[in-house]
Structures are given as structure tokens and as C-alpha cells.
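The structure under discussion appears below in the form of C-alpha cells.
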2 protein chains.
Amino acid sequence: MKHRSLLAVVFCLSISAARADEGMWLFNGIPRERMLAQHGFAPSDAWLDHVMKSSVRFNSGGSGSFVSGDGLVITNHHVGLDQLQKMSDPSHNYARDGFLAHTPEEEVRCLDLELNVLQSIEDVTARVNAQIPAGQGGDPAGARRRVIAGIEKESREKTGLRSDVVTLYQGGAYHLYRYKRYSDIRLVFAPDEQAAFFGGDPDNFEYPRYDMDICLFRVYENGRPVHPQHFLKWSASGASDGELVFVSGHPGRTDRQLTAPELELMRDLQFPLLLETLKRREVVLDAWSARSEENERRAKDLIFFIKNSRKVRDGALAALQDPAFLGAKEAAEDAFKQRLAGRPEGRAALAAYHRIAVAERIIAKSYARYRVLEGAIGFDADSFGLARALLRSGEERPKSNGDRLPEYGDARRESFEQQLFSDKPIYEDLEIVRLADSLTALTEQLGFDDPTVQQILDGKSPRERAAALVLGTKVRDVSFRRRLYGAGTAAIAAARDPMIELARSIDGESRALRKIMEDQDEAKQQAQAAIAKARFALEGTRVYPDATFTLRLAYGTVAGYDENGAHIPAITRFAGLFERSASHHDREPFDLPARWIQAKAAVNPDAPMDFVTTCDIIGGNSGSPTINRAGEFIGIIFDGNIYSLSSDFAYDDRQSRALSVASAGILEALRKVYGADALADELVNGRR
Amino acid sequence: MKHRSLLAVVFCLSISAARADEGMWLFNGIPRERMLAQHGFAPSDAWLDHVMKSSVRFNSGGSGSFVSGDGLVITNHHVGLDQLQKMSDPSHNYARDGFLAHTPEEEVRCLDLELNVLQSIEDVTARVNAQIPAGQGGDPAGARRRVIAGIEKESREKTGLRSDVVTLYQGGAYHLYRYKRYSDIRLVFAPDEQAAFFGGDPDNFEYPRYDMDICLFRVYENGRPVHPQHFLKWSASGASDGELVFVSGHPGRTDRQLTAPELELMRDLQFPLLLETLKRREVVLDAWSARSEENERRAKDLIFFIKNSRKVRDGALAALQDPAFLGAKEAAEDAFKQRLAGRPEGRAALAAYHRIAVAERIIAKSYARYRVLEGAIGFDADSFGLARALLRSGEERPKSNGDRLPEYGDARRESFEQQLFSDKPIYEDLEIVRLADSLTALTEQLGFDDPTVQQILDGKSPRERAAALVLGTKVRDVSFRRRLYGAGTAAIAAARDPMIELARSIDGESRALRKIMEDQDEAKQQAQAAIAKARFALEGTRVYPDATFTLRLAYGTVAGYDENGAHIPAITRFAGLFERSASHHDREPFDLPARWIQAKAAVNPDAPMDFVTTCDIIGGNSGSPTINRAGEFIGIIFDGNIYSLSSDFAYDDRQSRALSVASAGILEALRKVYGADALADELVNGRR
């Protein structure tokens, strides 16, 4: 019930003007007039530059910020979880038990973490489009890939910065983002998982919440901590109810500007397929994990991300299956099309809508097979990912930069090699479980008698084949990967590695499926560019593009909300954590770590723990700083509430809320629970 | 790896002669010569009659046996779970905490449990087939339904016994089973769930195991305990390694005599669809259950059965996806077909194989839609089941007995009404969660734009529609059901109950889909009869029919097995339970109930807990007595090991094992842990 009316309202608005505090705004496209009109405040250029250069992107898929002049970066526990998992072993379970470096020497270097800090944005739309043939002749997708690779390489060589051309407005614009890249990142502090993720999956995306979802890293260069020019000053007092606040971070993906046929394909095919995959994995990994504590440790981060994604996507599919939602969307689209009729840009825009519908029909035909073979449905194992990367890098590297698949381009080489040569642990038993289940899914999806399936299974059952592949491959050995990576295609073939040979055996079909998708994406990008042009001409107003895992600024207020007739206050307190644990008889996942139980008498029960704001966020924003007008750090985004699960498609501020951990609560926990006074002092003072 | 070679061997054998201790034998078809040759023992007619009349069928889907002259019946905790759940409430969680009646007055009457005890078997094959038109003309499925309904009704009226005509050999034979029916059943004892199901889902279908999976009921008639003429004498010493043993119980379903096209459809469509449904339900109910202890209590039995089925079906699908399996099956089928060529029955049998393949293609086209609308995929809520039963009983009752859908036939009326008028608790919140998820699945499966889906959703989202239906219907009120049941179709329509109206709105399509399935089943039954006739003529040897949830006798030996180079002993001991719990730090699901921890010093660590045998069992055998040559109760079946999961399709005795709780262990637990000496004495003495 909650979705229907609000989405009907919201969608009409999101097509034309943004609603209330809606928006994930580009740092080079801040809506100052709107903000002044709504809140009597708009950030200055200096404010924006300072916040931009204090904001950090975690390439594993999250956000963070510099919070000390000695290189301290704060993010969420669940953003750091991937690294905590990789540095754990059977006798050190940092993911579960947390970590505190008492001295700089105790800080532990991450295995393959890359952080990016945005330095500049340049609009290169005209330059990209000038070299693309319009329509369906030639190879426009290839041409676009080549021109983008050229721009990125040129920028990389000129500035030494990581340079990514980002597609905005589904193809309406192209901006060049330049990042300072850091790859020596060390763990400083993580709380117990049960404090960071108190309430587990049942409480995930719920509110009120009581989670200390933080993790602290320090950035090094040349063996020494960096001293960033920009970092956020810590607010010891933190957020107040009703206060104007900002979120600077990297929302991963939204689908608010998609057309009706694109949303219909998501509803009827793409989301159901993804959810089926997530749920089967959740079941198989939960069951395997429960067999022993060591299994549980090995699968911990995988299971977290699967459950998290499943809950997000279930909520998003529910929005798409609400008949009022697409009805409103189609009505708004129809109204816009009527306004287009007879206008100069109208004909091209109307044709563009048709072209997108055609593209969706083509995509629908190959989508499942594409996801099974080229996506992760069929081969869910790190060993396979490494095998494919070795195979393809052998084939791609000899090509000219612009002709390669984008992930093998020169501009991304450092990042690619950091991942490929990561020394992270890969567990044979877990690999077999995952590959066996995904080969089973592949067999179900494509059909047992499909020739590709027969070739993949090689006369064995999925379980047998998975075991043979995982036990037979050498790709889990980093030195083997290093040797093959530099050695070229002949050496890779000569290695006769069974996992690489599996990747090779499907690579022709897999690349062909990818080409179908890329060609249709290109067609859709051209169409969206025509629609965007018409919209800008018709509505003259500034709109924000869908999220693209690039830096955005959101704004809103600290505000509670009403639910089933009761008011949910904006801020939770430490006392609530202990009460909620007691009300569940301290049973998992509502149990508290021993040091929290011991610290109960010492902590201030009124200290703020978490709070909610109306800021417009989505997955990828995890770890984003929540900032006040003065540019100070007052909290850190870690979740949305249950009403926010439709924000993939539309923003709403009636009940949908962004959840932050409070800066004051972080200090309270560091000092009273973890005895980490030095760290708390560094946050407050901005230096060690 | 474990399946391939063994299935190749086994399947050839199962077509002709049974392997080693293979077989779920009819009580009127015991292979005495084989048993004498293999074990030097075969049961006498008196032995069989005694065991048959001591065996009990739980209509909810399990087995049991009389074990005292005062009407005591033993089964598994997980067979009784359904009833334990129904008699629980927020302040009495019998499913979790167990139960002990210290006096007859404390025995608690079950809400809707029906027990059947087989009294006789009569072969009515000739009588059934004499009235069925062969081939595809007329309405053979209807004709067969009518003649079966007539036989059942006649027998019911003549003997007063529940009378079911059972289809054997997939249509090769029809036998009339007459049961004494009991409906006043009272709970006497249940252990804690953590003792009954120690190790939970992770240990389910594993071995060694340490589960006290038992439950004791007493059968009443006219308000007094019954004194059955036949009950099993309790063996206080129990099973010995290597001993010949028997299992008398009700295996639910096997698919060993299916043809290759039938198995292929299971592999490619039926099992994947079922598993997708089970896994999505497991995820949604696990998440809901974890939100509170009361949710956990309400969903307990549902979650148990979902996880159990998922594990069974995952194992069975793995067998079907093993290429060697169907290859061997097809080779055996081809060899059989070659032997048929030129023989008198050969032509009909060869045509029959073709007819089955045609039927499978017809079934494949409508199967998913059939399962969604007529099966439980689309409407997974007790309220919907009750609404449909009311709607259809209104339509079916006025018809002549032979023209009704079988579940509305006169012979099953008592059982039907016992279920329909059951006072079991149905939870509004759980109903909404289940119906919302299944309407979501329905929308995914049939497509959002499907006219039937649009009609079902009625302009709402699946979640909204589920809430409106569950909150709007009155079918959860037993008096409402009683009123409508007797009142006829006009009164049912006049009630304008939204759930009944939903059932009505799809009933035409749903019945039509069911008719397609029934017509093809009839065609397959005729075809299987022709194949069976040819096989009997060609091989002249006695074979057992696939399982049909009717009483069967299996035999085998108490025997451990080898796994990964180690020997797994046949019998586990009480000491092992405490060791396994400690090795998991007593964490769920390896935690022990308080009274078990307290009793640790008192119990004999060497007392047997569970043991394994080579007996041929499958789901439905749960609760079956394990019996020695003397006809004494030495244990109770509660599970199979992981290797038994392919036994749907083939028997194997190398690693596949049936798991029993030991009779001596049961006494030990009753006396030392539960202080239930009177009950233990009744078991040993055969009377109170």
C-alpha cells in the first residue's frame, strides 16, 4: 500500500522537476537556487571543492571520507568487510571479532583495496559524440568505446591520474572524472560484527536501528601515512533534529530515467532472474555455513552481500509489480510525448522511444543466456573469474587500446592488475560449493541437452565437474597468474589449465552475447541522448542524472517519520541497543559482544547511536559522510529504511529515510567500549 | 562422483531383478525365496499379519506403530510436529519445548490428526480395467475415476472401513486397501526440538547423527484408550551390528519405474520449478521468522518441511543431472525394447513408450501454469486452501459420487471434513507473508500482463492484494466454514467472501489445466500397464511397484559404511551427542536443552542413540518401526543419509543408509533425561 499513491505522484514529478529534497547531484551541477529557496543555504565553490576532495571512493563498491590530516579514512564495517574477510584466517577472525591497531606498526595492510579521490570533472560530451556515426550503420558501439578509451588514455598520460569517462543521463552526456588513486591502505579499527551489524538480516533496512557500522583505514604512500590537504572536521556534538545536512558519496545505480519498456523488462525478466539466483545462493551458502564455524568464517562476506542484495531487490521488484507504478510512469511518458509533437526536437525524441522499445525486445531474447554465460549465474567462483581474466588479457593486450574490452584498457591497467594479483585467500571447498550450485543453475537455465551445457559439463554431473575444475586449476596460485599474465596467448594455451580451457570453450559465444547487449546499449544511449536533448529544450530546468557510482551530493534534513500511526524519532540512543538485545533474549542476531555487555554501565545511555535524514541515497552511498552546513562530519551513511527500497525508481520523503551512525556515538563507542582513546582524539583533533 | 557408476549399475538391475536388499515390497507380494536365499529367513503369514496390523499410517504424511496394548503409538517428532505446532500457542510452545503427560488426564487431544491401520488388501485390477475404454476415445480418465469411486464406496458401505483403491506399477495394477480409521488421538510425549532435531538443517540427512526424533501418541475410541489386538513388543536391547532387520511403513513416492522422457521432464522443468519455489519460501520465511520469537514459533513447522524438502530435492536433481544416470537409463530401456521386438506383447509395449513421450510433451506445455494455479505455487496460504475447498465442495457434492473430483468422494468424506473443520490456528500475519510471496511468484511465472494475473491482482500489487484478501476473508472462522459447507453453491456465492471469489475467478482455468494433466496421466497409466504386462511376461520375476504412500516391507542389515577412506560405524552413542555439541561451542543448532545438559552425568555414555541399516526407504517412511526377526521393535526410522537422496530413482547399498533411533536409547532418554519412567515401563511391559 505504501508504494502506490506516492509513486504515482513522484513519477510525474521526477520527469519534470525534482521533488522536495530529491536528487543525487553532480558536483558540477549543484542546484543552488533550489537549495537557497528550500533551505536558505547553498554551498560555495570552496565548500564543494573541500568536500569533493575529502570524499573517498572504495572501488569494491562503497564510499568514505578523510577524517584526519594524518590520512585516516572512515567507512562502514560492511564496506570494509571484504578486506576484513581477506585478511582473516582460522585463528584471526577480524570480520567477526573486529580489530584495533594500538600503534602505527600494528596497522595491517589490505590485500587489494583501492581508494579513489576525485580531483576534477570535465564535460567531454561534444568530443565523444563528434566521432560516433548516428543510427545503425557501422559499429557505433565500437567507435564510442575507441573514442572513450582514447580520451581516458590521453588524460592518464597527461595528468598521471586515474581517468574515467562516465556516461550520464543514460547517454545524454559524457564527463571525464580524474581521481587520485591510492593502493596502500591499512586497517586501523573495526568493531565486532555484532556491534556493526546488530540485528543482522532481520533488522537490515529497518528503523529504529542501533548499529555501529564503521571501519577506519589509514592511507599510505611510499610507506608513510598521507597528509591530505582536505579532510572533514569532526563534529563531536553531531546532528540535531530538523537540521539541514548533506551526503557526499557514490550512489551506485538508479533507474529513474528509464522508459516504460525498460522497466517492464526489469520486472518481467531481469529482477526475477537475479532474485532467483540470489535466493538459491543464500540457501546453499547458509546451509554450508551452518556446518562449521570455519565454514561460517569463510562464507561470511559472501552471505552478507547476498542477503543485502536480496532484500534490496525484493523491495524494488515489489515497486515494479505495483500496477499503479508503471501506469503512472506510462501516463507521464505519454504526456511528455504529446508535448513533444510538432516541436523541433520532437521527432527524434519520439523515434528514440520506439528505438528503446525495439532494443528491449532484442535484449529480452538473449538476456538470460547472457547472464548465465557472461554474467555470474553460470560460473560463480573466484577461480573462474581469474581464469577468464587471464584468458582475455592474453587476447586483449595485443590489440590497440581502443579496440579492447574496456576493462583491459590502459587507463584501468593498475586497478586491473591489483585485483588479478591479489593474494586474497580463495577456499577450495567454498569454490566447489559455489561452482557446483552455479553449474546446476546453468544446466537448469539453458537446459541439459543444450550443446553448450553438454560441452561445459564434459560428461560429468555439475557437482563432479565443479570439483574436477576447482581441484584441477592452478589459477589460485598468484605466481602462476603472474607467469601467465605476461606470457601471451600461446603460453596460456600451453598451460592446459582446465578452468582457463573452460573459459575458452565458451568465450566465443559469451563475447557474442555481450556484443548483442553492447550494441543495444549503444542504440539506447543514442536514443536517450535525443530524449535528454528534447527534455532540456522543453523544460529548461536542471535535472540530475541517474546514479553511476560517481561522486554526488544529496541534501535533506534530520527528520523522523510516522509509521502505522506512531512517530519514529530521528535519533536512537545507546540505551535502545541494550533494550532491543534484551527483548530478544540476547539470541543471534540480537546478541551483544562481551565487551559491549561489560561496557554497559560505563556508556552514556543517552549518547546518540544512529539517526535518519531525508537525503536521497542508494547502494554505493554506504560509508558516505553526512555533513553539516559548516562542512563538518556529523555521521556516516550505512543503510536506508524499508521504505527506501523503491528509491531505485523514485524518491520519496514521506517515510523513506537514509540511516547514519552518529559522530558523537562513534566517539562514545571508541572511548568507552573499545578503549581507543588515541583514535578518538585523532578524530576530534584532526591529527594524531 | 558418488552417483555415476553406481546408478549405471543399479538401473540395469532395477529393470530386471532387484539388487541385494532393494525393495519396498507389498505385504501381499513378499519375495520369500529371495529373502531365504539372501538371509536364510522369510517372514511367515502370521508374522506379516501381525506387523501389518501393528503398523500405523499418519495421514499428514508419515508412519508409526502400536507399541503397547493400551493404544500407545510411536512416531517421529517431525511427524508429530504438525500437531505439536497446532496445539501450541504463545505461552505453550510444545513444538520447541516438548511435552509429557504424567497421567491419562494430561494427554492432549490432537486437533485434526487421522491414523489409519491397514486391515486387508484385495487385487481389483481386472474389475477396474474391464470398464475402461482403451486408447484415446471417450473419457477413459473419467471412466476410471467412476469405477474406482464405485469400488471404494461399495467397500466402505460393506465393511465400514476406509477404502482406497491404490494405483500400483504406474497403472499396472489396482489394489483395494481397507483401513481401520482413528480420529481421537492424544499427545503423550514429545522431547525438546533440540533433542529431536539436534544439528538442525546442517545435520539433516547426514550421519553420524545423535537425534532423539520420537513422539508418542495414544489412540482413543469413545473416550477410552483402544486396546489393539496387534502391537509390537519392545526390544530393550535393540539392534546389533550385522543383524537382519525389517522396516514396515509408508514410503511416499519413488520414481524408479518411470521412462526416460518422464525423468527428463523432471530434470528440466518439474524439479527446477519446485526447487525455485522451495528456496524462495525458505528465504522469505527464514527472514520473517528471525524478526521475533513469536514469528519463529508460528513458522516453525513450515520452515522445517521446506528445508527438508529442499535438501531432498536438491539431492534428487543432482542425480538427474548426472549424465551417466540417464544414459544408463536409456541404454537399459533400449535393451528392454530390443528384447520386446517380435514378442506377442512387444508391439503394444513399444507403442506405450511412444505414448508416454507424447504425454510428456503435452504435460510440459501446461505444467508450470498448472502448478501455479492448481498447485500451491500461486496461492500459498491456508486461507486459500480452505476457500477453494468450500467453493469446490459446493460444486462437487451435488454431482453423483463417481463424477466428483476424487478428494470430494464419499469414501473420503470423513477425512475431508476432519481437515476442513479443524480448529488449528491460522495466523493472519504469516498468511499475508506467504500469500504476498506466492502472488509475487505467480506474477513472475505467468507474466505481469497475463489476463489471469491482472484479474487475480485486481489492480493492486501482490503485497497489497495479499493483505486485502487475508484481512477480508472469513474462512479462518470454523463456524463460517461449517455454515457455508452445508449451504450449497448459492449461499457460498452470496457470502461474497473475497478469498472464495478469488478461487472462483480462476477455477475454470484451473480445472481445465488439471483435466489436461489427468488425461495424460490416464494415457500414461494405460501405457505403463502395457509395459508392465510385457515385463512380467518377459522376465517372469516378481518386482515391487514404486512407492505410493501405502504399507510396504523393506529388509536389510544393520551396517556401517566407508566414506572418504574412513569407516562410519553403524551405531552412535549418547557420548557422541555431548561431544558434537561441545565441538560447535553449543551454538544453534548444536545447542542442547537444559535438561539434557543436567542429565549428562546420569546417562550411560555408551547407550545407543541412532543406527543405520541398508533397508530401502524414502520420505513417508519417517516413524516406521525397525523390527527384528522376532517381530520386535528395535528402533524407529527418522532419516536417510546424504547418499540416500538419489533413492527416488534407484536403490544402492554401498553408502546409502536408513537412519533409526535405537529402542534402547529411547528408554535411556525417557528414564534419565525426562523422568518418564511410567512411560518407559509401558513400552517394556506392553501395557500400563
Legend entry - Across the identical copies, how the A:Pro344 labels are spaced - nm, sorted shortest first, 7 Å along Cα→Cβ: 9.4
Legend entry - Positive-end residue, the protein assembly as shown charge dipole about Cα centroid, Cβ charges, pick of B:Ala664, B:Ser461, B:Leu263: B:Leu263
Inset, instruction - Compute the Rg to Rh ratio over segment A:271-401 from the alpha carbon atoms, using the Kirkwood formula for Rh, and round to two decimal places. - result: 1.13
Legend entry - Residue-wise HN-Hα coupling along segment B:305-317, computed from phi with Karplus coefficients 6.51, -1.76, 1.60 (Hz; x: Gly, Pro): 5, 5, 5, 4, 5, 4, 5, 4, 6, 4, x, 5, 5
Inset, instruction - On a C-alpha basis, how far is the centre of segment B:605-672 from the centre of segment B:339-369 in Å? Whole number, if you could? - result: 38
Legend entry - Fraction of accessible area attributable to carbon and sulfur, the protein assembly as shown (%, probe 1.4 Å): 51
Inset, instruction - Enumerate the lysines that A:Lys158 could reach by cross-link, defined here as Cα to Cα under 23 Å, with residues fewer than 8 away along the same chain left out. - result: A:Lys53, A:Lys180, A:Lys399
Legend entry - Residues with amide H under 5 Å from that of A:Ser120, placed H, sequence gap 5 or more: A:Arg178
Legend entry - Unit charges on C-beta of K, R, D, E only; dipole of segment B:184-299, Debye: 480
Inset, instruction - Using the structure shown, list the pairs from A:Lys307/B:Lys300; A:Lys524/B:Lys279; B:Lys300/B:Lys424; B:Lys365/B:Lys474 with a Cα-Cα distance above 24 Å, or answer none. - result: A:Lys524/B:Lys279; B:Lys365/B:Lys474
Legend entry - Where labels lie 7 Å past Cα in the beta-carbon direction, separation of B:Asp241 and B:Ala364 in nm: 5.0
Inset, instruction - Run the quick spin-label model on A:Ala351 and B:Glu539: label points 7 Å from Cα toward the beta carbon, then report their separation in nm to one decimal. - result: 7.0
Inset, instruction - Check the straight Cα-Cα distances from B:Lys672 and name the aspartates and glutamates below 12 Å, setting aside those fewer than 8 residues away within the same chain. - result: none
Inset, instruction - For B:Asp123, place a label point 7 Å out from Cα along the Cα→Cβ vector, do the same in each other copy, and report the separations in nm, one decimal, smallest first. - result: 9.0
Legend entry - Ranked by how many other beta carbons lie within 10 Å on average, peptides B:160-171, A:581-592 from highest: B:160-171, A:581-592
Legend entry - Calculated from backbone phi, Karplus (6.51, -1.76, 1.60) coupling profile of segment A:412-419 in Hz, x at Gly/Pro: 10, 4, 4, 5, 4, 5, 4, 5
Inset, instruction - Could you state the accessible area per residue of chain B in Å², with a 1.4 Å probe and every protein chain left in place? - result: 35
Legend entry - the protein assembly as shown: calculated mean residue ellipticity at 222 nm from DSSP helix runs of at least 4, using -39500 (n - 2.57): -15000 deg cm²/dmol
Inset, instruction - Mind jotting down a quarter of the surface of the convex hull over the alpha carbons of the protein assembly as shown, in square nanometres, one decimal? - result: 53.0
Inset, instruction - Rounding to the nearest 20 debye, state how big the charge dipole of the protein assembly as shown is about its Cα centre with +1 on each Lys and Arg Cβ and -1 on each Asp and Glu Cβ. - result: 2600
Legend entry - For segment A:573-688, convex hull volume per residue from C-alpha positions, Å³: 134
Legend entry - Local net charge near B:Leu469, Cβ-Cβ under 12 Å (Lys/Arg +1, Asp/Glu -1): 0
Inset, instruction - Answer with one residue from A:Ile151, B:Tyr674, A:Ser479: the one whose Cα lies farthest towards the positive end of the charge dipole of the protein assembly as shown, charges on Cβ with Lys, Arg +1 and Asp, Glu -1. - result: A:Ile151
Legend entry - Compactness relative to 2.2 N^0.38 Å, alpha carbon Rg of segment B:47-157: 1.55
Legend entry - Shortest-first nm distances, A:His92 label point to equivalent points in other copies (7 Å, Cα→Cβ): 5.5
Inset, instruction - Mind giving me the FRET efficiency for B:His567 and B:Ile597? R0 is 30 Å, r the Cβ-Cβ distance, nearest 0.05 is fine. - result: 0.50
Legend entry - Between A and B, accessible area buried - total, square angstrom, nearest 100, 1.4 angstrom probe: 4300
Legend entry - Neighbouring partner chain Cβ atoms per residue of B:321-329, average, 10 Å criterion: 4
Inset, instruction - Please list the non-local residues whose amide H lies under 5 Å from the amide H of A:Asp184, H modeled 1.01 Å from N, same-chain partners needing a gap of 5 or more. - result: A:Tyr220
Inset, instruction - Give the shape of chain B as rounded, prolate or oblate, defined through the alpha-carbon gyration tensor: a ≥ b ≥ c are the square roots of its eigenvalues, a/c under 1.5 means rounded, and otherwise the shape is prolate if a/b is larger than b/c and oblate if not. - result: rounded
Inset, instruction - Round to the nearest 0.05 the FRET efficiency obtained for B:Glu122 and B:Ala341 when R0 = 25 Å and r is the Cβ-Cβ distance. - result: 0.10
Legend entry - Under Karplus coefficients 6.51, -1.76 and 1.60, residue-wise ³J(HN,Hα) of segment A:667-674 in Hz, glycine/proline x: 4, 4, 5, 4, 7, 8, 9, 9
Inset, instruction - Compute the Cα gyration tensor for segment B:333-488, then decide on rounded, prolate or oblate, letting a ≥ b ≥ c be the square roots of its eigenvalues: rounded whenever a/c is under 1.5, prolate when a/b is larger than b/c in the other cases, and oblate in all that remain. - result: oblate
Legend entry - Amide hydrogen neighbours beyond the local backbone of B:Met609, cut-off 5 Å, H modeled: B:Thr572, B:Arg573, B:Phe574
Inset, instruction - Using a 10 Å cut-off on Cβ atoms, rank the peptides A:317-329, A:618-630, A:259-271 from the highest mean neighbour count down. - result: A:618-630, A:317-329, A:259-271
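The values are calculated or read from the model by the stated rules, or taken from the named source; none is laboratory data. What you see is a predicted model, and the numbers here were worked out from it, not measured in a lab. Don't worry about glycine lacking a Cβ; one is built from the backbone with ideal geometry, like all the others, and counts go over all protein chains shown. For the accessible areas, the whole protein counts, side chains as well, though only heavy atoms, and no ligand, DNA or RNA atoms are used. Shrake-Rupley method; radii C 1.70, N 1.55, O 1.52, S 1.80 Å.
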